[in-house]
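S.K.: Please find one structure pasted underneath; my questions will follow.
The values are calculated or read from the model by the stated rules, or taken from the named source; none is laboratory data. Here the structure is a predicted model, which means the values were calculated and not measured. Here the Cβ positions follow ideal geometry from the backbone for every residue, glycine too, while neighbour counts run over all protein chains shown. Each accessible area value is taken on the protein alone, full model and side chains, heavy atoms only, with ligands, DNA and RNA left out. Shrake-Rupley method; radii C 1.70, N 1.55, O 1.52, S 1.80 Å.
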There are 2 protein chains.
Amino acid sequence: MEEPPLYKFGPYKIDAREVFHATPLSYAMVNLRPLLPGHVLVCPKRVVKRFADLSSDETSDLWVTAKEVGAKLEQYHKASSITFAIQDGPQAGQTVAHVHIHVIPRKKGDFEKNDEIYDAIDVKVKEKEMKEKLDLDVERKDRSMEEMAHEATEYLMYF
Amino acid sequence: MEEPPLYKFGPYKIDAREVFHATPLSYAMVNLRPLLPGHVLVCPKRVVKRFADLSSDETSDLWVTAKEVGAKLEQYHKASSITFAIQDGPQAGQTVAHVHIHVIPRKKGDFEKNDEIYDAIDVKVKEKEMKEKLDLDVERKDRSMEEMAHEATEYLMYF
């Protein structure tokens with residue numbers, strides 16, 4: 001009989017090599033398509049779609065974990081700030097139906113306009129001319145397992 | 001002797017009429033410049049600059065509060081999703097040096113391109129032609145105290 005996966009991310013089975021930190025209720029994994037160096041995801045172990053589905057214990061554990069992950073990755077990547085975000089539901093940009101916190105170390109100049117969003121219609125330029133920046137679930141190039149496992153290993157020693 | 005303010009937001013004294021929910025460690029207030037209807041801020045009562053400065057108890061209380069606020073404002077505004085974000089530090093867009101969670105009820109079509117960010121340089125159009133969308137601390141028109149107190153009163157009955 002096949003063992004159930006240790007980590008799930010919505011419908012996806014997560015390879016343990018992608019996970020660099022775990023608590024009784026949460027886990028932190030590297031990102032298939034990081035937006036910036038150190039862009040990782042912190043998730044509850046239980047598969048739930050919306051943030052409101054989490055118990056108080058899960059909510060606390062998730063965010064205490066994200067805080068620790070953020071502080072350590074900021075240091076690791078010699079960053080000076082962090083973007084924390086939950087896209088809670090499809091209309092907020094959520095594409096995987098499993099609560100996840102985006103933790104993104106930030107540096108001066110990492111984005112030309114830091115964190116501004118422009119409406120394509122108002123901007124009146126062709127969509128393909130634009131470079132998407134903070135649509136956190138947007139299509140990006142998939143990384144290999146080796147690449148991800150390597151990053152996870154680098155982070156492991158910080159916990 | 002003047003009483004110390006009940007609520008502070010970095011260097012600013014917050015009028016209690018703007019606050020629609022409070023716990024022993026956190027408070028939720030309406031926003032001077034909401035990006036969308038129901039865009040509110042949830043803050044720790046203690047003035048701290050960075051998320052990592054919060055104790056575990058403060059972190060838990062802050063996020064359990066934000067979860068409740070989000071769920072109730074989503075219902076109130078007949079929204080279907082929520083954006084939760086902390087701009088943790090200046091390089092993440094933080095302009096007030098006091099930890100605050102942006103809680104933004106989201107609906108289909110509230111932004112033309114939901115949550116995409118474009119780099120002004122890559123877009124190659126003049127900045128003034130663009131409409132800023134998710135730069136959460138960007139300059140927006142200030143609302144009156146009456147307007148804000150009215151909104152806070154509407155929310156009060158939900159808690």
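S.K.: Could you check residue A:24 against (1) touching a residue at least 40 places away in the same chain (Cβ under 8 Å); (2) open to solvent by 30 Å² or more (accessible area, probe 1.4 Å) and say which number it fails?
M.R.: Answer for residue A:24: the failing condition is (1).
S.K.: Given (1) assigned to a helix (DSSP H, G or I); (2) at pLDDT below 60; (3) not charged (D, E, K, R), where does residue A:134 come up short, assuming only one miss?
M.R.: Against the list (1) assigned to a helix (DSSP H, G or I); (2) at pLDDT below 60; (3) not charged (D, E, K, R), residue A:134 comes up short only on (1).
S.K.: Only residues that are surrounded by fewer than 19 Cβ atoms within 10 Å (Cβ to Cβ) and under 23 Å from residue A:74 (Cα atoms): list them for region B:36-45, please.
M.R.: none
S.K.: Tell me which residues, restricted to region B:58-69, are facing chain A (nearest Cβ under 9 Å) and open to solvent by 10 Å² or more (accessible area, probe 1.4 Å). Talk me through it step by step, then tell me what you get.
M.R.: Of the residues in region B:58-69, the ones facing chain A (nearest Cβ under 9 Å) are B:59-64, B:66-68.
B:60, B:61, B:64, B:67, B:68, listed by residue number.
For (1) out of contact with any helix residue (DSSP H, G or I) (no Cβ under 9 Å at 6 or more places or on another chain); (2) touching a residue at least 40 places away in the same chain (Cβ under 8 Å); (3) at the interface with chain A (Cβ under 7 Å from one of its Cβ atoms); (4) crowded, with 23+ Cβ neighbours inside 10 Å, each residue gets a yes or a no:
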{"position": "B:87", "(1), (2), (3), (4)": "yes, yes, yes, yes"}
{"position": "B:92", "(1), (2), (3), (4)": "yes, no, yes, yes"}
{"position": "B:97", "(1), (2), (3), (4)": "no, yes, no, no"}
{"position": "B:101", "(1), (2), (3), (4)": "no, yes, no, yes"}
{"position": "B:106", "(1), (2), (3), (4)": "no, yes, yes, yes"}
{"position": "B:109", "(1), (2), (3), (4)": "no, no, no, no"}
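S.K.: Exactly one of (1) at pLDDT 95 or above; (2) part of a helix (DSSP H, G or I) is unmet by residue B:128. Its number?
M.R.: (1)
S.K.: Looking at this structure, is residue B:49 without any contact (Cβ under 8 Å) to a residue 40 or more places away in the chain, surrounded by fewer than 24 Cβ atoms within 10 Å (Cβ to Cβ) and more than 20 Å from residue A:51 (Cα to Cα)?
M.R.: On the way: without any contact (Cβ under 8 Å) to a residue 40 or more places away in the chain: no; surrounded by fewer than 24 Cβ atoms within 10 Å (Cβ to Cβ): yes; more than 20 Å from residue A:51 (Cα to Cα): yes.
It is false that residue B:49 is without any contact (Cβ under 8 Å) to a residue 40 or more places away in the chain, surrounded by fewer than 24 Cβ atoms within 10 Å (Cβ to Cβ) and more than 20 Å from residue A:51 (Cα to Cα).
S.K.: Let me ask something else. For region A:71-84: of the residues being over 12 Å from residue A:40 (Cβ atoms) and either of a type in the set (A, V, I, L, M) or surrounded by 20 or more Cβ atoms within 10 Å (Cβ to Cβ) (or both), which is farthest from the other protein chains (Cβ to nearest Cβ)?
M.R.: Among them, the one singled out is A:79.
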